[in-house]
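Student: Quick one: the structure is below, questions incoming.
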Amino acid sequence: MAEARDGDGTVAKALEVLDRLAAFGRPVRFSELLAGSPFPKATLYRLVQGLTRQGMLAYDPERGTYALGVRLVRLAHAAWRQSSLAPLARPHLDALSRDVGETVHLAQLDHAQVLYVDKRNAREPIEMFSQAGKVGPAYCTGIGKAMLAWLPEAELAAAIRQQSFHRFTPSTLADAAELRADLERTRARGYALDREEHEPGIICVAVPVLTAGGRVLGAVSVTGSTARTTLAALERLAPRLAEAARAIAAEAEHWQFPEAMRQAGE
């Protein structure tokens, strides 16, 4: 979750409630939200009621549960169109998916983590963590490392400090030193690899989507299962993957990025 800053006040508290509810992945009772909440019961109740009145949450009186509201869904769709690479990348992802036959992902960095913004399933889909809208770790996913590797040093250092370095599999990178060494190899070869670092049996190759000036916009990956392919086979797809990333970057040349819009409004 994003860290609240001084002065954010009620807005930060309301967003904390929305984040907590969304993390459940299902409708929840008030008592579930209260368990582990940083807010007193009365404060949490006031926040929940306010969000419900504003349509950000929906209350089911029969089940006594709260879920994300329709107004929030509308805002999410607007954000997807305005602040995501996904709409302009769609035809390039479709073409890439047809060419490679494996699962294709598009992601952007969100508070030093991976936000999956689009996905194309393989011809023979396999079960895996990633779904559009999900947030995953950056240090142990190919698509995350593809973005980290091309960040300026100050941004990279800040991002590395935010990684958990939880050991998901025996292949997961254990600490910042291992990650930095992997990112150096990534930059040298031009693409990142996931060697079953996040999920057993899941491997991938990934490349960054960069502006002409080298700023990281996101990344694209091709993911497969060790049951039916190899890392070497996926690596042979890197040139096609890089071609798709360049095409997406070209489409995004005149895109109004959220960062640019914020600076223009200052």
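Student: Hey, could you check the stretch 146-160 for residues that are without any contact (Cβ under 8 Å) to a residue 24 or more places away in the chain and not aliphatic (A, V, I, L, M) and say which is farthest from LEU115 (Cα to Cα)?
Tutor: Out of the qualifying residues, it is GLU153.
Student: Further question on the same structure: Mind checking whether some residue in the stretch 172-186 is free of Cβ contacts under 8 Å to residues at least 60 places away in the same chain, in contact with an Asp or Glu (Cβ under 7 Å, 6 or more places away or on another chain), surrounded by 15 or more Cβ atoms within 10 Å (Cβ to Cβ) and in a loop (DSSP other than H, G, I, E, B)?
Tutor: Pass one, the stretch 172-186, residues free of Cβ contacts under 8 Å to residues at least 60 places away in the same chain: 172-186.
Now drop any that are not in contact with an Asp or Glu (Cβ under 7 Å, 6 or more places away or on another chain), which leaves 172-173.
Within this subset, residues satisfying the condition of being surrounded by 15 or more Cβ atoms within 10 Å (Cβ to Cβ) are 172-173.
Of the ones still in play, those that are also in a loop (DSSP other than H, G, I, E, B) are 172-173.
Yes.
Student: Scan the stretch 182-196 residue by residue and report those that are within 11 Å of LYS145 (Cα to Cα) and under 19 Å from the mean Cα position of the chain (by Cα).
Tutor: LEU183, TYR191, ALA192, LEU193, ASP194, listed by residue number.
Results for (1) basic (Lys, Arg); (2) in contact with a helix residue (DSSP H, G or I) (Cβ under 6 Å, 6 or more places away or on another chain), shown as yes or no for each residue.
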| position | (1), (2) |
| --- | --- |
| ARG187 | yes, no |
| GLY190 | no, no |
| LEU193 | no, yes |
| ALA232 | no, no |
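Read the figures in this text as sums done on the coordinates, not as results from a lab. Bear in mind that the values here come from a model prediction, so they are computed numbers and not experimental data. Backbone-built Cβ (ideal geometry, glycine too); neighbour counts: all protein chains shown.
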